[in-house]
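Notes to accompany the following structure.
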Amino acid sequence: MNVYCCMITLKDDAKALLFAKALDDWMGHLKAEGAIGKWRLMRRKLNLAADCYRDFLLEIEVDGLAQLDAAFRLTGERDDNVAQMHRAVHDLIASADFALYRPYPDMERAERMALL
């Protein structure tokens with residue numbers, strides 16, 4: 001399992017609840033298509049964070065890079081419904097930073113280390 005993280009700042013005129021609803025629709029579609037696993041959206045509390053952190057944190061679980069690639073391919077499909085759901089989220093975002101994390105130590109390395 002890998003976690004794709006997105007730190008997100010909305011545009012000044014964007015409504016947070018509208019963003020949350022649009023994101024729920026989009027992530028629900030990706031999950032229904034098998035392109036992602038669990039996901040969650042969190043919002044910074046009490047403005048308690050260093051300057052490098054954004055207002056929202058989105059975490060998306062994927063089994064591996066192949067599943068993440070499938071999510072990106074699905075996003076790029078020439079389907080009006082898919083494009084509309086993606087645009088409903090994307091148009092509210094001013095900026096975003098991304099990262100991909102994996103469990104550590106991961107299963108393969110932990111097993112290798114146990115053999116030493």
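The values are calculated or read from the model by the stated rules, or taken from the named source; none is laboratory data. No experiment lies behind these values; they were computed from the predicted model shown. Methodologically, a virtual Cβ is constructed for each residue, glycine included, from the backbone with ideal geometry; neighbour enumeration extends over all protein chains shown.
Kindly indicate which of LEU18, LEU100, LEU48, LEU68 is out of contact with any His (no Cβ under 9 Å at 6 or more places or on another chain), over 18 Å from TYR4 (Cβ atoms), of a type outside the set (Val, Ile, Thr) and touching a residue at least 60 places away in the same chain (Cβ under 8 Å).
Selected residue: LEU18, the only one of LEU18, LEU100, LEU48, LEU68 that is out of contact with any His (no Cβ under 9 Å at 6 or more places or on another chain), over 18 Å from TYR4 (Cβ atoms), of a type outside the set (Val, Ile, Thr) and touching a residue at least 60 places away in the same chain (Cβ under 8 Å).
Could you count how many residues in segment 71-97 are under 13 Å from the mean Cα position of the chain (by Cα), closer than 14 Å to ASP24 by Cα and touching a residue at least 12 places away in the same chain (Cβ under 8 Å)?
The qualifying residues number 2.
For residues in segment 1-40 being small (Gly, Ala, Ser) and part of a loop (DSSP other than H, G, I, E, B), which is surrounded by the most Cβ atoms within 10 Å (Cβ to Cβ)?
ALA35
Just to be sure, is ALA88 over 15 Å from CYS5 (Cα atoms) and part of a helix (DSSP H, G or I)?
Numbers: over 15 Å from CYS5 (Cα atoms): yes; part of a helix (DSSP H, G or I): yes.
Spelling it out, ALA88 is indeed over 15 Å from CYS5 (Cα atoms) and part of a helix (DSSP H, G or I).
Out of (1) within 15 Å of MET1 (Cα to Cα); (2) more than 16 Å from the chain's Cα centre (by Cα), what's the single condition that is false for ILE60?
Result: ILE60 fails condition (2) only.
Taking the criterion of being at pLDDT 95 or above and out of contact with any strand residue (DSSP E or B) (no Cβ under 9 Å at 6 or more places or on another chain), would at least one residue in segment 58-66 satisfy it?
no
Conditions (1) at pLDDT 95 or above; (2) part of a loop (DSSP other than H, G, I, E, B); (3) out of contact with any Leu (no Cβ under 8 Å at 6 or more places or on another chain), marked per residue:
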| residue | (1), (2), (3) |
| --- | --- |
| MET42 | yes, no, no |
| ALA49 | no, yes, yes |
| ARG73 | no, no, yes |
| VAL82 | no, no, no |
| ALA96 | yes, no, yes |
